[in-house]
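The values are calculated or read from the model by the stated rules, or taken from the named source; none is laboratory data. This structure is a prediction, so every number in the text was calculated from the model and none was measured. Here the Cβ positions follow ideal geometry from the backbone for every residue, glycine too, while neighbour counts run over all protein chains shown. The protein model used for the area step is the full one, side chains on, heavy atoms only, and it has no ligands, DNA or RNA in it. Shrake-Rupley method; radii C 1.70, N 1.55, O 1.52, S 1.80 Å.
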Amino acid sequence: AGGPPGDLVVADPAALARMPGAVQTYRAALALVGGDLGGTVRHAELALDRAAADDHLTTASASALVGLASWATGDLAVAHASYRVATENLLRVGHLSDVLGCTVSLADIDLVRGRLGDAERSCREALALVPATAALRGAADLHVQLSRVAAARGDLPGAAEQLRRAE
């Protein structure tokens, strides 16, 4: 079980090394679609265990799936930590739109936990990654999150300004 069968020709050993983690990630996603949150976490954790050290995309995907399942079960601490790992790994592979999307989720969790400063900081750090000329998916949502932070602080003009930016 240490390698491919003798008659298998491996053209890309790095891709083969990523396969076990990728398979478990897909199983985790299928479990999530099927409503099996426990299976989602089980398969995602197997994906993380089997991911190659440099397979940041599998690590990001599996971590995000743990985050989704944990959030759904109310474990906000694990959800937040998992989304943080997902965000860091997505940034490593240059998936900026997905970084923004995960940051929206991080801010949601921070808002629920009453951590307004953390929510604001995460949103502003993510927005700082967006080139001024880019209209990336997720940037508007980060402005909406900043409007929620401002509203929670009683800063209605600030909330309105962030909503204008989201437009």
Inset, instruction - Out of V104, V93, V10, report the one residue that is more than 19 Å from L129 (Cβ to Cβ) and of a type in the set (V, I, T). - result: V10
Inset, instruction - Give the number of residues within the range 1-53 that are open to solvent by 40 Å² or more (accessible area, probe 1.4 Å), in a helix (DSSP H, G or I) and modelled with pLDDT under 85. - result: 5
Inset, instruction - Kindly establish whether R137 is within 20 Å of S82 (Cα to Cα), of a type outside the set (G, A, S), open to solvent by 30 Å² or more (accessible area, probe 1.4 Å) and within 20 Å of the chain's Cα centre (by Cα). - result: no
Inset, instruction - Would you point out the residue of the range 89-127, among those that are open to solvent by 40 Å² or more (accessible area, probe 1.4 Å) and β-branched (V, I, T), that is nearest to the chain's Cα centre (by Cα)? - result: V93
Legend entry - For A62: the one exception among (1) crowded, with 16+ Cβ neighbours inside 10 Å; (2) of a type outside the set (D, E); (3) without any contact (Cβ under 8 Å) to a residue 40 or more places away in the chain: (3)
Inset, instruction - Look at the range 65-88 and say how many of its residues are open to solvent by 40 Å² or more (accessible area, probe 1.4 Å) and within 14 Å of A31 (Cβ to Cβ). - result: 3
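Answer yes or no as to whether G154 is within 30 Å of A52 (Cβ to Cβ) and either surrounded by fewer than 17 Cβ atoms within 10 Å (Cβ to Cβ) or basic (K, R) (or both). Don't jump to the end; show me each part of the working.
On the way: within 30 Å of A52 (Cβ to Cβ): no; either surrounded by fewer than 17 Cβ atoms within 10 Å (Cβ to Cβ) or basic (K, R) (or both): yes.
Here the answer is no, as G154 does not meet what is asked.
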